[in-house]
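Please treat every number below as a calculation from the coordinates, not as lab data. Computed from a predicted structure; not experimentally measured. FYI the Cβ positions are ideal-geometry reconstructions off the backbone, even for glycines, and counts take in every protein chain you see.
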Amino acid sequence: MFALNNKVIIVSGGTGILGGAFIKAIASQGGKVVILGRNEQVGNQRAAEINKEGSEAIFIAANVLEKDQLEPARDKVLSTFGRIDGLVNGAGGNIPEAVLTPDKDVFDLNIEGVQKAMNLNLWGTVLPVQVFGPEIVKSGNGSIVNISSVSSVRAITRVLGYSMGKAAIDCYTKWFAVEMANRYGDKIRMNSIMPGFFLTEQNRTLLTQPDGSLTSRGHSIISHTPFKRFGNPEELCGALIWLLSDASKFVTGTTIGVDGGFTINGGV
């Protein structure tokens, strides 16, 4: 029921920490993985590891914000596997210049940085869907999974651009799911996963000290998370596999929270 046998799944941001967990999980369920990212060394290494274990994977270097890089990537996937069954929009995250540092006033926002963070998280999802989506429809049972964040539903200080981008993803997921269903019925669906706090390269310096201990922000997050810990990347994969597999064939436009209880905690 949850198998991905012979399904060709593209994972953008497949060279990142969360993306690394995604591609392994997809391969473990029989999926053919296309790792999309900018780090060629990591991407080729991960593809080689998956192939060595008996699954199928390729790496394609592409920037999700550049349509003229995504289109050749699509063509390479089709020439290699002949089809596209799913897309995981894992590319995203925050950027340093978008973070409001403690020494800055709220009216001193780096507007260019905020715009870059929002563009990465929103358009870095929309553009791949526009390029790969028509091929996913042809599979007759396609699935697109976006990555939201708890910052889309709770006010998380200092990361406005990232938060606005993820809030836009929530809107986009619902809107696009309905519009696709109106045109293609159940041939393609779109959902999203809403992670809580997971340590990645983008947030590590905000949440931990160089020695690995927590910053004051890290302590605050843990205190507001009922499970009292950060998530492990592999803990996102159950929801991911469910949304990509036939087990969720009647599910579209929904967001699955994987946050250790952060968003439902009243703090009392």
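Of note:
- For Gln209 and Asn5, a Förster radius of 45 Å and the Cβ-Cβ distance give a FRET efficiency of 0.50, rounded to the nearest 0.05.
- Taking Leu70, Leu214, Leu240 in turn, the Gaussian network model of the chain (Cα-Cα springs below 10 Å) assigns the largest fluctuation to Leu214.
- Paramagnetic reach from Asn232 (point 7 Å along Cα→Cβ, amide N under 15 Å) across segment 169-210: 198-199
- Among the trypsin sites (Lys or Arg not before Pro) found in segment 172-234, those both in a DSSP coil and sparsely packed, with 12 or fewer other Cβ atoms within 10 Å of their Cβ, are Lys228, Arg229.
- Of the GluC sites (Glu not before Pro) in segment 101-183, not one is in a loop by DSSP (not H, G, I, E or B) with at most 12 other beta carbons within 10 Å.
- Toward the positive end of the charge dipole of segment 141-186, with +1 on the Cβ of Lys and Arg and -1 on the Cβ of Asp and Glu, the farthest Cα among Ser151, Tyr172, Asn182 is that of Ser151.
- Under the simplified labelling scheme, the Trp123-Asn39 pair shows an inter-label distance of 2.4 nm, with each label point 7 Å from Cα along Cα→Cβ.
- Simple point charges give the picture: +1 on the Cβ of Lys and Arg, -1 on the Cβ of Asp and Glu, and for the chain a dipole about the Cα centre of about 500 debye.
- Likely footprinting exposure, Asp259, Asp108, fewest C-beta neighbours within 10 Å first: Asp108, Asp259
- Summed side-chain charge close to Lys104 - residues other than Lys104 whose Cβ falls under 13 Å, Lys, Arg +1, Asp, Glu -1: -3
- When the GluC sites (Glu not before Pro) in segment 21-62 are filtered for DSSP coil states and for at most 16 other beta-carbon atoms within 10 Å of their beta-carbon, the remaining sites are Glu53.
- Stokes-Einstein translational diffusion, the chain - Kirkwood Rh over all Cα pairs, 0.692 mPa s, 37 °C, in µm²/s: 174 µm²/s
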